[in-house]
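Undergrad: Quick one: this structure, given as structure tokens, is what I'll be asking you about.
The values are calculated or read from the model by the stated rules, or taken from the named source; none is laboratory data. Predicted model only: the values in this text are computed from it and were never measured. Here the Cβ is made from the backbone with ideal geometry for all residues, glycine too, and neighbour counts use every protein chain on show.
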Amino acid sequence: MKFPVRQIGGDDAAQSAPVSSFALINLESSESFVFNYFPAEIETSRRANWERANTATRQALTFANIEPKRVDVPELWLDGTRDNQSLTPTIRRLYELQELGREGAPPALLVSWGDREERVILEEVRITELQPFDGSGNPLRARVSLTLIEVQQYDDSPATQRTRARTVTGNNSSTLGFF
């Protein structure tokens, strides 16, 4: 699905454009940060946690939980050399995606690339300002690394918890406890 976005990651003039590159969309304000240079690699990972339970005859595994998916983007580029534009305002807007939102925490974001979309929070931003700099020492080029964490949505009603417990254990008994 393509989203019309208000682009604030490139030049300062806001414009409407389909998401066709790597974009972070603030789900509270609908503002977006669009990287005009697609990353060379994007790594996603997810982990299911299991706990060992000792019984009289053997060691069994029981399901504990699933950690949120991580999206690591080791190298994105910001470049203002064509227009000789300082990247300082652009870098500031990127860091603003980690500031407290209406809910008292940084806002959830939608990360979009290709045909992929993930609801995430921005855990870490790393920026390396590179040469060239303008005559005042402002950065014209920067390498950006991002770590994003999936926002998990759960229905924690007792019926859903029982269904999840039966799915994990393979037991269809209605007397399973909650976890």
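Undergrad: Does L97 meet the test of being within 17 Å of S29 (Cα to Cα) and either loosely packed, with under 14 Cβ neighbours inside 10 Å or touching a Leu at 6+ places or on another chain (Cβ under 9 Å) (or both)?
TA: Against the criterion (within 17 Å of S29 (Cα to Cα) and either loosely packed, with under 14 Cβ neighbours inside 10 Å or touching a Leu at 6+ places or on another chain (Cβ under 9 Å) (or both)), L97 qualifies.
Undergrad: Could I ask something else about it? Please name all residue pairs, on different chains or six or more residues apart, with Cβ atoms under 6 Å, provided the first residue is in region 38-58 and is without any contact (Cβ under 8 Å) to a residue 40 or more places away in the chain and the second residue is surrounded by 10 or more Cβ atoms within 10 Å (Cβ to Cβ) and polar (S, T, N, Q).
TA: N49/N65; E51/T62; A53/T62
Undergrad: From the set of residues in region 101-127 that are over 19 Å from Q152 (Cα atoms) and modelled with pLDDT of 90 or more, which is surrounded by the most Cβ atoms within 10 Å (Cβ to Cβ)?
TA: Checking each candidate, the answer is I127.
Undergrad: T44 is checked against (1) assigned to a strand (DSSP E or B); (2) among the hydroxyl-bearing types (S, T, Y); (3) modelled with pLDDT under 90 and fails just one. What number does that condition carry?
TA: (3)
Undergrad: If you scan region 87-146, which residues turn out to be in contact with a Pro (Cβ under 8 Å, 6 or more places away or on another chain) and farther than 20 Å from S21 by Cα?
TA: Result: T88, Q98, E99, L100, G101, E129, L130, F133, L140.
Undergrad: Just checking, how many residues over region 1-31 are hydroxyl-bearing (S, T, Y), out of contact with any Phe, Trp or Tyr (no Cβ under 8 Å at 6 or more places or on another chain) and at pLDDT 75 or above?
TA: 2
Undergrad: Those residues that are touching a residue at least 60 places away in the same chain (Cβ under 8 Å) and loosely packed, with under 15 Cβ neighbours inside 10 Å, I need them from region 76-92; list them, please.
TA: T81, D83, P89
Undergrad: For region 90-123, give me each residue that is of a type in the set (D, E, K, R) and not in a strand (DSSP E or B).
TA: Correct list: R92, R93, E96, E99, R102, E103, D115.
Undergrad: Are any residues in region 32-41 surrounded by fewer than 13 Cβ atoms within 10 Å (Cβ to Cβ) and either modelled with pLDDT of 85 or more or in contact with a Cys (Cβ under 6 Å, 6 or more places away or on another chain) (or both), and if so, which ones?
TA: The answer is E41, and nothing else.
Undergrad: Same structure again: Conditions: (1) modelled with pLDDT of 90 or more; (2) over 16 Å from the mean Cα position of the chain (by Cα). L94 meets all but one. Number of the miss?
TA: The one condition L94 does not meet is (2).
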